[in-house]
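Notes for the one structure printed next.
Just so you know, all these numbers are worked out from the coordinates, no wet-lab data involved. Since the structure is predicted, the reported quantities are computational estimates derived from the model, not experimental observations. No Cβ is skipped: glycine too gets one built from the backbone with ideal geometry, and neighbour counts run over all protein chains shown.
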Amino acid sequence: MILALHAGSLVDPAIGAHAVVNASNPSVALGSGVSAALRAACGGAAFQEELRDRLEEDFDSELEPDDCLVTSAGTCTAFRWVLHVPAVDYRERDPETGGPSGPRRVRSCVRAFLEAAASLARDHGLAGQLVVATPLLGAGAGGLGPVVSVDAMMGAVHQHLRVSPPGERDALARLIFVVREPENARVVERGAAKYGFPLEPRG
């Protein structure tokens, strides 16, 4: 799996992702930030209704940190799937930070979306080809900031690659970290270097 960096919007068709990650909440309510961009790109209220229906069908409860809800991309044609993980929880204080998110939660979310993406790749004949794009989980509304978010995410990717069986480890072709601010791109570059990941240049 190659790690890459893209400066811009998560819903940009130029990224070339099969699936994008939604930094969501346990009820998968599309609010601000990344969720708002996905709501606008994927069909608005109709997309939100699809999420509620799929959440009830697949989990029959709200998402836990190690859950990932896989849905279509609604009306969006830039990617096929959205991987929703509860990177923030505004109702309960995170035991690590006292805020809506924490490094342990972020690591759980990364493991969950990587496992879900591997299943998608296997089920749809995309093993070794699937491209996933992700924002920095918990960095914004979660209150962690980019440095803590990137370290937690890179650590989770490193652990996933270390312990997963080859079929799951090699299912993804590329994981793209998407940032909007130039300073956050540098944070991703430093985080990748810390864990020994070569990083493709930003798009």
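Here is how the numbers come out for the structure above:
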| read-out | value |
| --- | --- |
| Kyte-Doolittle mean at least -0.5, axial Cα span of 18 Å or more - DSSP H helices of the chain | 103-123, 145-163 |
| Residue order, fewest to most beta carbons within 10 Å, for Thr71, Thr134, Thr77, Thr97 | Thr77, Thr97, Thr71, Thr134 |
| Percent antiparallel among DSSP beta bridges (both partners in the range 2-194, rounded to 5) | 20 |
| Among (1) 22, 20, 17; (2) 37, 20, 15; (3) 51, 17, 13, the entry derived from the coordinates for semi-axes √(5λ) of the Cα gyration tensor in Å | (1) |
| For Ser72, Ser101, order by how many other beta-carbon atoms lie within 10 Å, fewest first | Ser72, Ser101 |
| Charged-residue dipole, Cβ positions (Lys, Arg, Asp, Glu), the range 2-194 about Cα centre, Debye nearest 20 | 720 |
| The range 54-82 and the range 148-191: distance between their alpha carbon centers, rounded to Å | 21 |
| Ranked Val178, Val106, Val11, criterion: other C-beta atoms within 10 Å, fewest first | Val11, Val178, Val106 |
| Helical contribution to [θ] at 222 nm, DSSP H n ≥ 4, -39,500 (n - 2.57), averaged over the chain, rounded to 500 | -12500 deg cm²/dmol |
